[in-house]
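> One structure follows; several queries about it will come next.
The values are calculated or read from the model by the stated rules, or taken from the named source; none is laboratory data. Note that the structure is a prediction, hence the values are computed from the model and not measured. Cβ atoms come from the backbone with ideal geometry, glycine included; neighbour counts cover every protein chain shown.
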Amino acid sequence: MPRFIYHRNVFFFFNTSTCLLLIAPILMAPTSASMCTPLRTLNNSLSYRRRYMKHYFPINYTVRVHHEEIFKLSNISKMCLDEDGVDELVLQRLWFQVNQGVLKKIIQVLPKRHPSRSYTAELERRFKDAEGVFVLSHPAEVFYQELPETIQDIWDRLTEEPERMVDTSWGYAFPKSLLDNLCHTMYCLFHECFSNTEDQQDCDECAVSG
């Protein structure tokens, strides 16, 4: 049976083109030009993450997150190697799901008067703006296909009720590290929006080995 994802009154599925197993950046379909404006706006805000996610937190402070929310460039390469059908649209959609949870968890640990709370809330708003454009920039029928099994399993764990998850499903990460991961994977998965910046090196690292 196909498994679908329900999000904002739309059932989503993903294209199942195969990742190219070469020592080269993951092949990406052209990113919609409309995506670049909200992603660059988000990126501008993320440039202040050291101040708000490191300097304003106690030394060695960590946030409890799903293991899947510690989402790095190496995760992207591994998923492409492990299973056919993992393409750029699958990974972009997973990126939104992962980092939606990351931002919520950071906000949840911040007291209302913490100096980083309003900053993180603004990041979340800009992130949601980018997600909305992402959904609208694809034809509706693009989102009605079965997910690769590995990605579906990750998605299921991300959306599982916390009280139903075993302790080994959780990990701990520094707030700044979580936002660093958000940034680096964004530069990779939406590389056309950042191809003329110094962050292009993150695209070069976003590779799979054959």
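> Does any residue of region 138-150 turn out to be closer than 25 Å to L46 by Cα, in contact (Cβ under 8 Å) with a residue 40 or more places away in the chain and surrounded by 14 or more Cβ atoms within 10 Å (Cβ to Cβ)?
Taking every residue of region 138-150 in turn, none turns out to be closer than 25 Å to L46 by Cα, in contact (Cβ under 8 Å) with a residue 40 or more places away in the chain and surrounded by 14 or more Cβ atoms within 10 Å (Cβ to Cβ).
> Another one. Among residues belonging to region 137-153 that are under 14 Å from Q92 (Cβ atoms) and part of a helix (DSSP H, G or I), point out the one that is nearest to the chain's Cα centre (by Cα).
Step by step, filter region 137-153, then rank; the result is I151.
> Taking the options L110, L103, L123, name whichever one is surrounded by 14 or more Cβ atoms within 10 Å (Cβ to Cβ), within 13 Å of the chain's Cα centre (by Cα) and closer than 24 Å to D180 by Cβ.
Just a single option satisfies the conditions, and that option is L103.
> Which residue pairs have Cβ atoms closer than 9 Å, lie 6 or more positions apart in sequence or on different chains, and pair a first residue in region 27-55 that is under 20 Å from S177 (Cβ atoms) with a second residue that is at pLDDT 95 or above and polar (S, T, N, Q)?
Sorted first by the residue in region 27-55, then by its partner, the pairs are R51/S116; Y52/S116; Y52/T120; M53/S116; M53/T120; M53/S177.
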